[in-house]
Every structure is written in C-alpha cells, then in structure tokens.
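Data block below; observations after.
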Amino acid sequence: MSQKTSSNPTDSSGPSTHDTDRLLDNGPGSSLPFKLPTRADIEQYLTYLYVLARRHAVAVFTAGLLILLGFSLLLLTAAPVDRVQRPPLLAPLAPGISPEAFEAGLKSCSKIRAERRVAQLSTERKNHRAVKNAKTVWIRNAVVWDGVGNVHKGFDVVLKHGLVKSVEKGSKKPEGEVLEIDAKGHIVTPGLVDIHSHLGVDSWPFYDGTSDVNEVSDPLTPGVRALEGFNPSDLAIRIVASGGVTTALVLPGSANLIGGEAYAFKLRPVDTLSGEDMLVQAGLEESDETPWRWMKMACGENPKVSDSGLVGDA
C-alpha cells in the first residue's frame, strides 16, 4: 500500500491557500454535531475568519462603511418632532445694529459732547498756541475763501495773538508793530488740516535709515508713539506747509492692527529740533483746553500681508 504524503506550505501571513477549501468546509455552520469548542476549534474558527476576510476584503470593508454611513444618517434623521429648529449655519444676518446698541451709542456721543470744553469766541482772548511777542499780521488785497463756500475779493485779514481778528474790505492798519503783506489778489484760505499723514516719520527724501513709520516686531504695538520717530528736519514739512496745510495728524503706518499713538503737529517753523515743540498742544495745560489723544488702527490688506511674514513692511 502506498502512503500519500501531503505538504502544508505556510507563510508569515497565515495558512496556505491549499488549505482554504478544507477550512471553509469544516468551519462553523458545517454538519458536525454540536459540542463545546476546544482550543483547536477556536483556532480553526479564527483562521476561517482570517481566510474569509482575505478573500473578501473589499466587500467586507465596503459593507462596513455602508453600515456606518447608514447608522449616522439614522441618528441625524430620527430626531424628535418637537425638536427646536435651528437656523442654517450660513443664514444671512440682518444689517445694522440693535435699537438698544444704537441708543447706547447716542448716549455715549452726548456724554462726550457734554464733557468737552467748547471754545468761546471772543476778540479779546488769546490763542494759547500763539508765538510769544509775535507781530500782528495784516494781509491786504486778498481773495478770501472763507471755508463755507463764499469768495470775498479785495478783502483784508488781520491776525493777532494767534487768532483771526477781522476779515473785511478796506480795513485800517492795526495799531502797534505790524507785519504787512500785500496779497496782490492771491487766494487766502483757512489753514488746511491733514487728518491722516505720515509726515516726519516717513521723511522725504526717503531712506531706510530715516523711516520710522512702522514697528513690525508685533501686530499689536499700542505703546509706539509717532512723536518718538518724528523728524522736525523733514524737508517735506516746508513743502506741505506751502500748499496751505497748517496742521497734520501724524500717525504710525498700517502694518499692524494697532500701530500706536498719533500726534497733531503745527507745521510752523520753530527754533528747536524738538518734535514736542511742534505739537498742537505744546505748552498747554489741562485748564486751557481738553487734551486729545489719537490711536492708529488698521484692518485690511496691509496688516494681513505684513503680519503673515510675507513682507517686512507694509
């Protein structure tokens, strides 16, 4: 009688495919009588599952995924009838603010106006910013634009103690020491106020060594003061003043969300190189008038680009 020998090749990933049919025939669900599983039965059952999974890996994965998705949809749709309806995630918001916020804003504005000291016009008072011992200025034969749409031809303007004393036609020469200017029909206007300027901190001509318009070490620099970087020797000051600008609010640049504190400068010549001597509020006491402060903030492309690290300055 000849004896048959069978090989049982295996690999590291499981039993040989030659045993697949035998394992599937003898697995759970076969016609064998029921009995308590032995260790060998459990090992055979696990091997059966492993082989089955290998044969139908794609089908098993797909079925599991479908079951998971179906269960998720069931949880989302099986909500109680009396469930509170929520607005869509991207529902449009009504424009404007609430009536309560609007009323609160009006009250804040009224409070600011109530606390502000309103200047009382008087021909006898003096401007606290006036240069000491300055001569009275008499401008004759000028075309005066008064700032409210009127044009006065051949008018005279008298300036004394830093104030406009009179605007009239055919005025007499003021008493005392007078600086007389014949305008010869040229235009005279009220001084222009530039409320957004980088004059003095972005000096002209421009050099990297003289530019102090931005502090790019941090997106929030509220402690930066334009006064510290202001250059009284900036050549642009005289050029800007020649165009009729007498006051400029000099701000830090827009590289940061909060760029720092701004300062208002008078563009008249002073006999020092101090930026503080050029301030609108130079030498004033709180008893003279309410001191004002300004902060530069920027929200837009400049701080977004600068603080993203794409550029060092905006």
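The values are calculated or read from the model by the stated rules, or taken from the named source; none is laboratory data. All of these numbers come straight from a predicted model, not from anything done at the bench. All Cβ positions, even for glycine, are placed from backbone atoms using ideal geometry, and neighbour counts span all protein chains on display.
Can you pull out the residues in the stretch 145-158 that are more than 18 Å from L179 (Cβ to Cβ) and either of a type outside the set (F, W, Y) or not assigned by TED's automatic domain parsing to the domain that holds D182 (or both)? First the steps, then the outcome.
If we filter the stretch 145-158 for residues that are more than 18 Å from L179 (Cβ to Cβ), which is where we start, we get 145-154.
Within the stretch 145-158, D146, G147, V148, G149, N150, V151, H152, K153, G154 meet the criteria.
Can you confirm whether V167 is surrounded by 13 or more Cβ atoms within 10 Å (Cβ to Cβ), in contact with a helix residue (DSSP H, G or I) (Cβ under 6 Å, 6 or more places away or on another chain) and under 30 Å from T290 (Cα atoms)?
Values: surrounded by 13 or more Cβ atoms within 10 Å (Cβ to Cβ): yes; in contact with a helix residue (DSSP H, G or I) (Cβ under 6 Å, 6 or more places away or on another chain): no; under 30 Å from T290 (Cα atoms): yes.
For V167, the condition - surrounded by 13 or more Cβ atoms within 10 Å (Cβ to Cβ), in contact with a helix residue (DSSP H, G or I) (Cβ under 6 Å, 6 or more places away or on another chain) and under 30 Å from T290 (Cα atoms) - is not met.
So, in the stretch 184-232, exactly how many residues are outside any loop (DSSP other than H, G, I, E, B), in contact (Cβ under 8 Å) with a residue 12 or more places away in the chain and of a type outside the set (S, T, N, Q)?
Matching residues across the stretch 184-232 total 14.
Does any residue in the stretch 141-163 that is closer than 14 Å to T189 by Cβ come within less than 7 Å, Cβ to Cβ, of a residue that is among the small types (G, A, S) and part of a loop (DSSP other than H, G, I, E, B) six or more places away or on a different chain, and which pairs are these?
Matching pairs, first to second residue: A142/A183; V143/G185.
Could you list, in sequence order, the residues of the stretch 235-257 that are of a type in the set (A, V, I, L, M) and without any contact (Cβ under 8 Å) to a residue 40 or more places away in the chain? Before the answer, list the steps.
Kept after step one, since they are of a type in the set (A, V, I, L, M), are these residues of the stretch 235-257: 235-237, 239-241, 245, 248-251, 255, 257.
Hits for the stretch 235-257 are L235, A236, I237, I239, A241.
Which residues, counting only those in the stretch 191-241, are within 23 Å of the chain's Cα centre (by Cα), hydroxyl-bearing (S, T, Y) and exposed (fewer than 15 other Cβ atoms within 10 Å of the Cβ)?
Within the stretch 191-241, S217 is the sole residue that qualifies.
State the number of residues belonging to the stretch 236-288 that are at positive phi and out of contact with any helix residue (DSSP H, G or I) (no Cβ under 7 Å at 6 or more places or on another chain).
The total comes to 2.
Confirm whether S306 is farther than 24 Å from V193 by Cα, outside any loop (DSSP other than H, G, I, E, B) and out of contact with any Ser or Thr (no Cβ under 7 Å at 6 or more places or on another chain).
Spelling it out, S306 is indeed farther than 24 Å from V193 by Cα, outside any loop (DSSP other than H, G, I, E, B) and out of contact with any Ser or Thr (no Cβ under 7 Å at 6 or more places or on another chain).
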